[in-house]
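Worksheet for the structure shown next.
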Amino acid sequence: MNGNRFPVLEYDEPLYRPPCEAGSLIVQVTLGCPHNRCLFCGMYRMKKYRVRDLEEVKADLRKARLAYPYVESIFLADGNTVAMNSRKLEEVIRYAKKLFPEVRRISSYGGARFLKGKSVESLKRLREAGLDVIYFGLESGDDEVLRRMQKGVDSRGMIEAARRVKEAGITLSVYVLLGLGGEARWKEHAENTARVLNEMKPDYIRPRTLYLMPGIPLYDEVRRGSFREASGETVMKELQILLRDLQVEAWFLCDHVSNYLPLYGRLPQDRERMLEMVEYALAHREEYLAPRHLTHL
């Protein structure tokens, strides 16, 4: 999601951050995404990945400190910032903590392809420096879907990367992309995603719903007929399976504009309440599950 409320800094656009980081100071430590091949994503297609010079990043932090008397949270952009050299990232985090002693949370995106190449010890050092949260794009626990969407890692790699983050003591917030299996593989996508999440044991599970626009490779596949976009009813069935099969203690938060329903709850205690909301939406399809923007291509 674009935007932030700290306009004093100059950004290399487009700029994205999780919805829950809307009030955070956003600092671009890296530009773009080092993987940048996922068929469903167009966030950084126009950027070549690079790590910014540390002195430039520190200058941004100093500029923000002069402009803002209180900063509660900091998000380190762009995509997969944890892919950079851990010692350099640690230096950035420690500098941010020194300048902003009041900060309560520092966070970053982190992909499994790069996290599973980090030692637990290096991740622990990042945690000790002040990295509190990693937003982790699982998207699917189904190996066929992961391969098809060119995520660059299979389900075992996802689980191993999550294990390292958790062992390092960093809060793990995992994204799931509803609809990513399309109409052809929705059931396998949902069931295997629940299975992998049970092994990952994340602190937060944040479902999003696949939303395709021109410029995204998967959009072109829909137009060609090689990928059939999942209907609202199918997406609700995926949610049913997730809520039914998840055996973890975690927050389950549908906190994104792409979702059909704003589900918020704690598993397992709020499972039945959230399932009832999904069942109500299925029973009132016309009101809650209107066709998506690609239905009438």
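The values are calculated or read from the model by the stated rules, or taken from the named source; none is laboratory data. Only a predicted model underlies this, so the values are computations on that prediction, with no experimental measurement involved. Cβ: placed from backbone, ideal geometry, glycine included. Neighbour counts: every protein chain shown.
Filter the range 260-290 down to the residues that are under 20 Å from residue 204 (Cβ atoms) and modelled with pLDDT under 95, then identify the one that is surrounded by the fewest Cβ atoms within 10 Å (Cβ to Cβ). Per the criteria, the residue is 262. Annotation note: Cβ proximity below 9 Å between a residue of the range 117-139 that is under 15 Å from residue 91 (Cβ atoms) and surrounded by fewer than 22 Cβ atoms within 10 Å (Cβ to Cβ) and a residue that is polar (S, T, N, Q) and at pLDDT 95 or above (sequence gap 6+ or interchain) occurs for 122/86; 125/86. The residues in the range 159-182 that are surrounded by fewer than 20 Cβ atoms within 10 Å (Cβ to Cβ) and assigned to a loop (DSSP other than H, G, I, E, B) can be counted, and the count is 1.
You will find that of 108, 122, the residue that is at pLDDT 95 or above, within 17 Å of the chain's Cα centre (by Cα) and outside any loop (DSSP other than H, G, I, E, B) is 108 and no other. The residue pairs whose first member lies in the range 68-82 and is over 18 Å from residue 8 (Cα atoms), whose second member is part of a loop (DSSP other than H, G, I, E, B) and of a type in the set (Phe, Trp, Tyr), and whose beta carbons are closer than 9 Å, counting only pairs six or more residues apart or on different chains, are 79/16; 79/44; 79/49; 80/49. Considering 185, 148, 208, 113, the condition of being surrounded by fewer than 24 Cβ atoms within 10 Å (Cβ to Cβ), within 27 Å of residue 230 (Cα to Cα) and touching a strand residue (DSSP E or B) at 6+ places or on another chain (Cβ under 8 Å) is satisfied by 208 alone.
With the structure loaded, tell me whether residue 63 is outside any loop (DSSP other than H, G, I, E, B) and not assigned by TED's automatic domain parsing to the domain that holds residue 117 or whether it fails that test. Here the answer is yes, as residue 63 does meet what is asked.
Applying the set (1) outside any helix (DSSP H, G or I); (2) surrounded by fewer than 20 Cβ atoms within 10 Å (Cβ to Cβ); (3) at pLDDT 95 or above to residue 88 leaves exactly one unmet item: (1). Listed by position, the helices (runs of 4 or more DSSP H) contained in the range 184-288 that have at least 2 residues being farther than 23 Å from residue 43 by Cβ and in the same structural domain as residue 154 (by TED's automatic domain parsing) are 186-200, 232-245, 271-283, 285-288.
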